[in-house]
Amino acid sequence: MTTIDWKKEAESRKNELLEDLKSMLRVKSVRDESKKTTDAPLGPGPKAGLDKFLEIASRDGFATKNIDGMAGQIAFGDGDETLGILAHVDVMPAGEGWNTDPFEPVIKDGKLYARGASDDKGPSMACYYGLKIIKELNLPVSKKVAFILGTDEESSWRGMDYYFKNMPEPDFGFSPDAFFPIINGEKGNVTFDAKFDGTNGGKYELIKFNSGLRENMVPRDAEAWIKAADYKEIIKAFDEFIAENPVVGEADMRDGQLYIHMIGKAAHAQEPKRGINAGTYLARFLNQFDFENGAKDFIAFAAEKLHLDSRLKNFDMNYTDDVMGDLTMNPGLLSFETSKEGSITLNFRYPKGTDPKYIEKGLNSAADQYHVHFEMHDGGMIPHYVDEDDPLVETLLNVYREQTGEDAHGQVVGGGTYGRLMKRGVAFGAMFPGVPDTMHQPNEFIPVDDLIKAAAIYAQGIYELIK
């Protein structure tokens, strides 16, 4: 039997892979439902991303299907069982702080920079090329493959939910939307909104406060507009605060109000410690001044209860599971507008042993002190785990070990991937150990060599699962 050199096969398709990936990265596939239409239910961006990926697969001779603009499928093989590969074409908003155009891919120092390079267009394309290698080598297979494309993984997963309601569910599978060697466990995910009155009063008045792009991102930027009797006092204190803390910013007069802009560091909400939350830092700064009523409660809650408390010690809710790790919290969206309301969106990643009721009880312990009430978003996601001795996990880990020469074991993360949608579903690549995680951050990148290594791993992994 001829041994297949998977790395050689992937390397021979490097230029083609990069050109297809660049064409995907140029698509600004950010969800914008204000522009939705019948054939673009999540806006023109996700539709364009879905259309482009299906166009590439159709060009290569795969059978493709657009499921009502909500999801897409690339089909391959035949058999009684179906391997599901669940990827996504949507991306997070670019945000500020980029050194290059986030939607014009650039290769510098061996790294491909663009929004979606590592989350998830780069890994998706590497995985697609793994499947393409199997097809082009005309290898015998005994199972079907459904390569499924979601359109709003970065928000509410409606695209993939629509697919699972209207198409046959795969028997097992993986999502190329995380880290190598493998993720066989994912924490639960639930979001609460903390609500405050939009009232003011006293010596200082908070006109407006805004921070964050999505609940599953650590906010990089925060802005506030303030009225006060003495602006010089605030500006002086601001300069001192900036000098003493890991943030930068500016404070100046605009249209008779003091405008403050603070900049931290964006990061994925699955590990808030990797970011610097500009929203809670700005609240921490403002909390030294005598705001009143709803504005005071909004600022004080963010500054005293949320700031630097991703493990919820301030709520007596710090919890760790031996397998799944810590309960974590990310204040992803902070907003206040006088005469309207204040709101802070809190995203939790919770291990087994906790649940949304446990979280809600802990949050409510602060309700009276800060005159806040909490509203839970619909449902969320429960913890998900596939045993390491499951043949799916064993097979993929063995392929990774063979391809890299590294020891490898399963891991549990706070991030949520499509892998959890299948009972026997995991996340498999494409970020290698030791590579900086720039998902959801400015200057997102993926090393070009890693794309090719991943394509080889995906090709062998898929083939071992369906041969």
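The values are calculated or read from the model by the stated rules, or taken from the named source; none is laboratory data. No experiment lies behind these values; they were computed from the predicted model shown. Using ideal geometry, Cβ is built from the backbone for each residue, glycine included, and neighbour counts are taken over all protein chains shown.
One table, with the values for the structure above:
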| read-out | value |
| --- | --- |
| Residue check, Q460 surrounded by 15 or more Cβ atoms within 10 Å (Cβ to Cβ), out of contact with any helix residue (DSSP H, G or I) (no Cβ under 8 Å at 6 or more places or on another chain) and either at pLDDT 95 or above or more than 30 Å from G198 (Cβ to Cβ) (or both) | no |
| Criterion (touching a residue at least 60 places away in the same chain (Cβ under 8 Å) and either within 30 Å of I457 (Cβ to Cβ) or among the hydrophobic types (A, V, I, L, M, F, W, C) (or both)) met by exactly one of L333, L306 | L333 |
| Matching option when the condition is more than 23 Å from F103 (Cα to Cα) and either crowded, with 16+ Cβ neighbours inside 10 Å or not aliphatic (A, V, I, L, M) (or both), among D80, D51 | D80 |
| Complete set of residues in the stretch 308-345 that are under 18 Å from P383 (Cα atoms) and modelled with pLDDT under 95 | D321, D322, V323, M324, G325 |
| Residue ID - modelled with the lowest pLDDT, chosen from residues in the stretch 369-406 that are under 21 Å from the mean Cα position of the chain (by Cα) and not aliphatic (A, V, I, L, M) | G379 |
| Test: residue in the stretch 406-415 that is among the hydrophobic types (A, V, I, L, M, F, W, C), assigned by TED's automatic domain parsing to the domain that holds P331 and buried (at least 17 other Cβ atoms within 10 Å of the Cβ) | no |
| Tally of residues being surrounded by 15 or more Cβ atoms within 10 Å (Cβ to Cβ) and without any contact (Cβ under 8 Å) to a residue 60 or more places away in the chain across the stretch 359-392 | 1 |
| Residue among M253, M262 that is crowded, with 19+ Cβ neighbours inside 10 Å and not small (G, A, S) | M262 |
| Residue in the stretch 8-20 that is modelled with pLDDT of 95 or more and of a type in the set (G, A, S) present | yes |
| Segments classed as strands (runs of 3 or more DSSP E), wholly inside the stretch 103-177, with at least 1 members that are of a type in the set (A, V, I, L, M, F, W, C) and crowded, with 24+ Cβ neighbours inside 10 Å | 144-150, 172-175 |
| Set D90, D101, D60: member being more than 24 Å from the chain's Cα centre (by Cα) and acidic (D, E) | D60 |
| Positions within the stretch 416-438 being crowded, with 21+ Cβ neighbours inside 10 Å and of a type in the set (A, V, I, L, M, F, W, C), in sequence order | L421, M422, V426, A427, F428, A430, M431 |
| Every pair of residues 6+ apart whose Cβ atoms lie under 8 Å, when the first sits in the stretch 143-169 and is without any contact (Cβ under 8 Å) to a residue 60 or more places away in the chain while the second is surrounded by fewer than 22 Cβ atoms within 10 Å (Cβ to Cβ) | none |
| Single condition K313 does not satisfy, out of (1) closer than 26 Å to M160 by Cβ; (2) out of contact with any strand residue (DSSP E or B) (no Cβ under 9 Å at 6 or more places or on another chain) | (1) |
| Which numbered condition P93 misses (of (1) surrounded by fewer than 24 Cβ atoms within 10 Å (Cβ to Cβ); (2) touching a strand residue (DSSP E or B) at 6+ places or on another chain (Cβ under 8 Å)) | (2) |
| Entirely in the stretch 227-302, the helices (runs of 4 or more DSSP H) that have 2 or more residues that are touching a Phe, Trp or Tyr at 6+ places or on another chain (Cβ under 6 Å) | 293-300 |
| Verdict on F209 being touching a Gly at 6+ places or on another chain (Cβ under 7 Å), assigned to a strand (DSSP E or B) and crowded, with 19+ Cβ neighbours inside 10 Å | no |
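Here is a yes/no grid of residues against (1) within 30 Å of F147 (Cβ to Cβ); (2) crowded, with 21+ Cβ neighbours inside 10 Å; (3) under 33 Å from the mean Cα position of the chain (by Cα):
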position: F196; (1), (2), (3): no, yes, yes
position: T199; (1), (2), (3): no, no, no
position: E233; (1), (2), (3): no, no, no
position: E244; (1), (2), (3): no, no, yes
